[in-house]
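Questions regarding the structure given below will be posed in turn.
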Amino acid sequence: MPDLKTYEDKKRELYQRMNEVTNANVVIAFSGGVDSSLLVKLACMYAAPKHNQVYAVTISSELQPAMDAEIAAEVAGEAGAIHRIIYTHELSSAGIGSNPRERCYLCKSYLFTRLKEFAAGEGITAILEGTNEDDLHVYRPGLRAIRELEIESPLADVGLTKAEVRKMAQELGISVAKRPSMPCLATRFPYGTELTMEKLKTVEDGENYVRSLGFGNVRLRVHGDIARIEVDREDMSRLMMQQEAVITHLKALGYKYITLDLEGFRSGSMDE
């Protein structure tokens, strides 16, 4: 049966939920992306009059782009949250060095266990994270870990889609409302590929370069010595106009063959 709730219905439910959860101090898993930024903004709005604290906790992960922690610190400051960073080494500690098919589950189990330890140290029981409704309908094995560890997902619970999250974030003046999603760098490699810090850094460098040319959604999928570029379909012709610069940069990083994926950008293409 189709969801009959309107955007306004969902927004009203989310506001009520955030008002309730901030009756005590709260911890939010905070990447600096639009989903978790919306949670932090709303939590701070409701917690401040009650003199309660919102801890926006960023996990400094080996698998996340380096810029994430910097952006997260800025957005947490804008919202008025207490920003904390947990440093992790999941390649060696979470059993994901070979990029197994259950990588996302193993990684989320490890990371959110660390987050629960932080919350326990502060005497906080409420922990939130930013899964939205759209995430429930694609391959997201990490969601099982989130459920097992009893982490709350308010956006998904009220049925807010990614587009609706962005709309609400814009209404609230959140600076990262239009920021493209930045999933972990391991998603750029086929399952079974041995992951190393060098490979992760190289693919991040390549993506950052393409993005610096004015492209929003960019993924560099790596198949051995082949770099497969995904950008939005409407951006393909513009990318081809800059192909020589892109080829030169990516070959300098060590990729032998540079390809453009004609299907264009799509989240989770390694899971197709």
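No value in this document is a laboratory result; all are computed from the given coordinates. Only a predicted model underlies this, so the values are computations on that prediction, with no experimental measurement involved. Reconstructed Cβ throughout: ideal geometry from the backbone, glycine too, with neighbour counts over all protein chains shown.
Tell me the chymotrypsin sites (Phe, Trp or Tyr not before Pro) within the range 167-272 that lie in a loop according to DSSP and have at most 16 other beta-carbon atoms within 10 Å.
Details: sites: Tyr191, Tyr209, Phe215, Tyr255, Tyr257, Phe265; in loops: Tyr191, Phe215, Tyr255, Phe265.
Filter output for the range 167-272: Tyr191.
Additional query: Say the cut-off is 19 Å between C-alpha atoms; which of Lys10/Lys167; Lys5/Lys41; Lys11/Lys41 go over it? Provide the component values of the computation, followed by the final result.
Numbers: Lys10/Lys167 12 Å; Lys5/Lys41 23 Å; Lys11/Lys41 14 Å.
Violating the 19 Å Cα-Cα cut-off are Lys5/Lys41.
Could you work out the percent of alpha carbon pairs in the range 76-228 separated by over 27 Å, rounded to a whole number?
33 percent
If you rank Arg147, Arg166 by fewest surrounding Cβ atoms within 10 Å, what's the result?
Listing Arg147, Arg166 from fewest to most nearby Cβ atoms yields Arg147, Arg166.
Still on this model: How many angstrom lie between the C-alpha centres of the range 27-41 and the range 202-233?
The range 27-41 and the range 202-233 have Cα centres spaced 25 Å from each other.
Given bins 5 angstrom wide, list per bin the percent of all Cα-Cα distances in the range 205-272, short to long.
Going from the shortest bin to the longest, the percentages are 4, 18, 32, 27, 15, 3.
If you don't mind, there's one more thing I want to ask. What dipole magnitude, in Debye to the nearest 20, does the chain give about its Cα centre under +1 on Lys/Arg Cβ and -1 on Asp/Glu Cβ? It would help to have the intermediate numbers written out before the result.
Details: 33 positive and 40 negative charges, 20 e Å.
With Lys and Arg at +1 and Asp and Glu at -1, about 100 debye.
May I ask you to derive the FRET efficiency for Leu262 and Ser92 from their Cβ-Cβ distance with R0 = 41 Å, giving the value to the nearest 0.05?
On the way: r = 38 Å, r/R0 = 0.92.
Result of the calculation: an efficiency of 0.65.
Give the percent of DSSP beta bridges with both residues in the chain that are antiparallel, rounded to the nearest 5. Don't skip to the end; give the middle numbers.
Working: 6 of 23 bridges.
Around 25 percent of the beta bridges assigned by DSSP in the chain are antiparallel ones.
Return the lysines within reach of Lys199: Cα separation strictly under 17 angstrom, same-chain partners fewer than 8 residues apart disregarded; answer none if there are no such residues.
Answer for Lys199, where 17 Å is the Cα cut-off: Lys251, Lys256, listed by chain and number.
In vacuum, with every alpha carbon of the chain counted as one equal point scatterer, what does the Debye formula give for log10 I(q)/I(0) at q = 0.15 Å⁻¹? Two decimals, please.
Relative scattering, expressed as log10 I(q)/I(0), comes to -1.16.
Please identify the GluC sites (Glu not before Pro) of the range 144-237 that satisfy two criteria: DSSP loop assignment and at most 12 other Cβ atoms within 10 Å. Which are they? Could you put the intermediate results ahead of the total?
Working: sites: Glu148, Glu150, Glu152, Glu164, Glu171, Glu194, Glu198, Glu204, Glu207, Glu230, Glu234; in loops: Glu150, Glu194.
Answer by residue number: Glu150, Glu194.
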